[in-house]
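Peer 1: Take a look at the following structure, please.
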Amino acid sequence: MNVARAHVLLCGLLLVGSAFGQPAGPRFEVVINDSVRAEATTGRIYVALARTARREPRFQIGRTGVPFFGVDITGLKPGEPAIIDGDVLGSPVESLRDLPAGEYHVQACLNVYTRFARSDGHVLWMHMDQWEGQRWVRSPGNGFSEVQKVAIDPGGSKTIRLEITKTNPLRPFPADTPMVKRFRIQSPMLTKFWGHPIFIGATVLLPRGYHEHPRVRYPVIYKQGHFSTRAPYRHGPGSEWMADDFPRMLAVTLQHPTPYFDDSYAVNSANNGPYGDAIHQELIPEIERRFRAIPAAWARVLTGGSTGGWEAAALQIFYPDFYGGAWIFAPDPLDFRNVEGIDVYRDENAYYKQHAWRRVPTPNTRDPRTGEIVLTSRQRNHYELVHGTKGRSGQQLDIWSAVFGPVGEDGYFKPLFDKRTGRIDRSVAEHWREHYDLRHYLQQRWAKVGPKLVGKLHFFAGRRDQFYLNIGVEHMEDFLESTRSPYYGGTFAYGGRGGHGWSPFKARGELIRLMAAHVQRHAPAGRDAKRWRY
């Protein structure tokens, strides 16, 4: 069929649709100016619409933010239009035809993908992190248009043309200060896996007196979490970090963004590659060499919240001989019987629960004050799907599938469930269980792993966690409190009305003092563990 005939047929179908009460609706044509990209581009185009111009529409996108719509592009040439119309999925409004009539501030954005020829033989097109933490809206080299104010009538068929003429600037690597040091290195392991240069790094907060005590070696707090190059703790004048009686330790955050997310979850996985090996065999040895860290398990402790909480738990569990203790806050699911509302093992569908004759939407996010549902699982996952297909959203549930799941036939991760329909794939659920369900992992291996973990696991959660993450902590507690030979010997603490950020410590300094005391107690006999307490 030639192009002209196809166009006539399409117009006819649109007229038929309108005759049966289905208007064509508004339509956006988005082009990339050749000053932004002179070559053909593969990636994703977005259009965001906002009622106010207090910020650019792209910066108003969020889980409960303004409507936005996205479409994949492959080899799109400068000046060639990408089409976003009523058939393109959006969030929180699913179709342009569903927008209320009115005036909107509109903006188009471009997320550029990079070709990865992975060592497993698969070729993938994904966004290459530019040390911005997989935030496509700010990523250097990604493009955006000027903001236009337009009138939109969902019952009409208006075409709005937007041109991407600007790009996000490069992000300079933060400068060191006397107390905060940063570095990044190219990982040979990860570069080989991805077929493209991959970098990992660290931000190191030095203790008071570090430069004046050149012979002292220090324990390390590895504080895990989402990508950030900020110092781990407040350390200015008057802070506890600078107090006379405060323990002298190194505090370190690790930076390890992947093409899937701002954080790799610090473990080896089929889709992300050998991040666990790269961190422990390449990055941490470099930290210990550069910053006079004590290279021993008793002197390495972990902490973190949410993503960082899961990482702190997973690293202590998967590397029990490498770390001396973990203080774990609001961790991502430790037990997959509740993954932000989804029971991976019993639910047939990620978007609803079947209770006899009733279908009930699966909740995803709640207000910790009232318990009201803020987002359903379907709404949250469609939000991710608008960000990117094939798991390229850079969002939370997609990275769990990338870390926990197997590789699919197309080289991208094999999804736990269909993002459109919610139907769960049992084979993928079983893969999740056997590899990354931390409670299941411990239960299956306690006789071997348990003796290495006694006294090392400490969990904290709010009973009203916004994402129901307290439930996984409770499942973990049920198992660990049942352990014998050996008994796990750790702790659990809950905030009855606490949300996702709950902590029993009134100040961060309390936790650091507690971890320092733990390190000192577990120093080997005869080892001078007081030199770093000057």
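Peer 1: What aspartates and glutamates could a cross-link reach from Lys390, if we take a straight Cα to Cα line under 20 Å and drop same-chain neighbours fewer than 8 places away?
Peer 2: Asp72, Asp87, Glu94, Asp120, Asp129, Asp262, Asp263, Asp398, Glu409, Asp410, Asp418, Asp425
Peer 1: Would you mind counting up the charge near Val386? Only other residues with Cβ under 15 Å from its Cβ, with Lys and Arg at +1 and Asp and Glu at -1. Mind showing how you got there, number by number?
Peer 2: Values: positive: Arg44, Arg58, Arg63, Arg378, Arg380, Lys390, Arg392, Lys419, Arg420; negative: Asp72, Asp85, Asp87, Glu94, Asp98, Glu384, Asp398.
Net charge in that neighbourhood comes out at +2.
Peer 1: Excluding residues fewer than 8 places away in the same chain, name every one of the lysines whose C-alpha is closer than 17 Å to that of Lys166.
Peer 2: Lys77
Peer 1: Another one. Count charges around Gly496 for me, please; just the other residues with Cβ under 9 Å from its Cβ, Lys/Arg as +1, Asp/Glu as -1. Present the calculation step by step, with values, prior to reporting the outcome.
Peer 2: On the way: positive: Arg463, Arg464, Arg497; negative: none.
Taking every other residue near Gly496 into account, the sum is +3.
Peer 1: Now, a different point. Percentage of Cα-Cα pair distances in the range 352-435 greater than 14 Å, rounded to whole percent?
Peer 2: Here the tail beyond 14 Å accounts for 67 percent of pairs.
Peer 1: What's the exposure ranking of Trp125, Trp532, going from fewest to most Cβ atoms within 10 Å? Before the final figure, lay out each step's value.
Peer 2: On the way: Trp125 19, Trp532 24.
Least crowded to most crowded, the residues run Trp125, Trp532.
Peer 1: Using the number of other C-beta atoms within 10 angstrom as an exposure proxy, rank Ile471, Ile373, Ile160 with the fewest first. Please report the intermediate quantities before stating the final value.
Peer 2: Details: Ile471 21, Ile373 15, Ile160 18.
Lowest count first: Ile373, Ile160, Ile471.
Peer 1: Residue by residue through the range 288-302, what is 3J(HN,Hα) from phi via Karplus (6.51 cos²θ - 1.76 cosθ + 1.60, θ = phi - 60°)? Round to whole Hz and write x for glycine and proline.
Peer 2: Ordered by residue, 3J(HN,Hα) equals 5, 6, 6, 10, 6, 7, 6, x, 8, 4, 4, 9, 10, 10, 10 Hz.
Peer 1: Once you list every other residue whose beta carbon is under 13 Å from the beta carbon of Ala50, what net charge do they have if Lys and Arg are +1 and Asp and Glu are -1? Don't skip to the end; give the middle numbers.
Peer 2: Working: positive: Arg51, Arg54, Arg55, Arg58, Lys149; negative: Glu56, Glu103.
Summing Lys and Arg as +1 and Asp and Glu as -1 gives +3.
Peer 1: Given H placed 1.01 Å from N in the peptide plane, which residues other than close sequence neighbours of Lys77 have an amide H under 5 Å from its amide H?
Peer 2: So Lys77 has HN proximity to Thr41.
Peer 1: Please compute, over every Cα-Cα pair in the range 291-448, the percentage with a separation greater than 23 angstrom. If you can, show how the numbers build up before the last one.
Peer 2: Numbers: 5574 of 12403 pairs.
When all Cα pairs of the range 291-448 are counted, 45 percent exceed 23 Å.
Peer 1: Give the order of Lys158, Lys149 when sorted by the count of other beta carbons within 10 angstrom, beginning with the fewest. Present the calculation step by step, with values, prior to reporting the outcome.
Peer 2: On the way: Lys158 14, Lys149 9.
Least to most surrounded, the residues fall as Lys149, Lys158.
Peer 1: Right, here's the next one. Using a basic spin-label model with each label point 7 Å from the Cα along Cα→Cβ, how many nm lie between Phe173 and Arg217?
Peer 2: 2.7 nm
Peer 1: Follow-up. Suppose R0 equals 45 Å; then what is the FRET efficiency for Thr52 and Gln354 from their Cβ-Cβ distance, rounded to the nearest 0.05? Display every interim value, and only then the final one.
Peer 2: Numbers: r = 41 Å, r/R0 = 0.91.
After rounding to 0.05, the efficiency reads 0.65.
Peer 1: Please compute the alpha carbon radius of gyration of the range 22-167, then divide it by the globular-protein estimate 2.2 N^0.38 Å. Two decimals is fine. Numbers along the way, then the final one.
Peer 2: Details: Rg = 15.4 Å, N = 146, 2.2 N^0.38 = 14.6 Å.
The range 22-167 yields a ratio of 1.06.
Peer 1: How high is the relative contact order of the chain, in percent, counting Cα pairs under 8 Å that sit 6 or more residues apart? If you can, show how the numbers build up before the last one.
Peer 2: Working: 1189 pairs, mean separation 63.3, N = 534.
Rounded, it is 12 percent for the chain.
Peer 1: Here's something else I'd like to know. Out of residues 5 or more away from Ser91 or on other chains, whose amide H comes under 5 Å of its own, with H placed 1.01 Å from N in the peptide plane?
Peer 2: The answer is Phe68.
Peer 1: Continuing with the same structure: Using a Cα-Cα cut-off of under 30 Å, which lysines could be cross-linked to Lys506, ignoring same-chain neighbours fewer than 8 residues away?
Peer 2: Lys181, Lys223, Lys456, Lys530
Peer 1: Taking 0.36 nm per residue of separation and subtracting the Cα-Cα distance, what length does fully extending Val123 through Glu103 add?
Peer 2: On the way: separation 20, 0.36 × 20 = 7.20 nm, distance 4.25 nm.
Stretched fully, the Val123-Glu103 segment lengthens by 3.0 nm.
Peer 1: Then there's this: I'd like to compare 449-462, 295-308: which one has the highest average count of other Cβ atoms within 10 Å, and what's the full order after that?
Peer 2: Working: 449-462: 20.2, 295-308: 22.8.
So the peptides 449-462, 295-308, ranked by packing, come out 295-308, 449-462.
Peer 1: Hey, another quick one. What's the magnitude of the charge dipole for the range 397-466 around its Cα centre, counting Lys and Arg as +1 and Asp and Glu as -1 at the beta-carbon? Answer in Debye, nearest 20. Please report the intermediate quantities before stating the final value.
Peer 2: On the way: 13 positive and 9 negative charges, 96 e Å.
Dipole magnitude for the range 397-466 comes out near 460 debye.
Peer 1: Over 36 Å, how big is the tail of the calculated P(r) for the chain, in percent of all Cα pairs?
Peer 2: 39 percent
Peer 1: In debye to the nearest 20, how big a dipole does the chain give about its Cα centre with +1 on each Lys and Arg Cβ and -1 on each Asp and Glu Cβ?
Peer 2: Working: 69 positive and 54 negative charges, 279 e Å.
The dipole magnitude comes to about 1340 debye.
Peer 1: Using only the Cα atoms of the range 202-345, what do you get for the radius of gyration and for Dmax, in Å?
Peer 2: Cα radius of gyration and Dmax of the range 202-345 are 16.1, 56 Å respectively.
Peer 1: Where does the range 374-490 land on the Kirkwood hydrodynamic radius, alpha-carbon pairs, in angstrom? Spell out each step's value before the answer.
Peer 2: Details: mean 1/r = 0.0615 Å⁻¹.
Averaging 1/r across every pair of different Cα atoms and inverting gives 16.3 Å.
Peer 1: Glu39 to Val449: extension gain in nm, 0.36 nm per residue of separation minus the Cα-Cα distance?
Peer 2: Numbers: separation 410, 0.36 × 410 = 147.60 nm, distance 5.34 nm.
The span from Glu39 to Val449 would gain 142.3 nm if fully extended.
A short reminder: the numbers here are calculations on the coordinates, not readings from a lab. Computed from a predicted model, the values in this text were never measured in an experiment. Cβ coordinates were reconstructed from backbone atoms using ideal geometry, including for glycine residues, and neighbour counts include every protein chain displayed.
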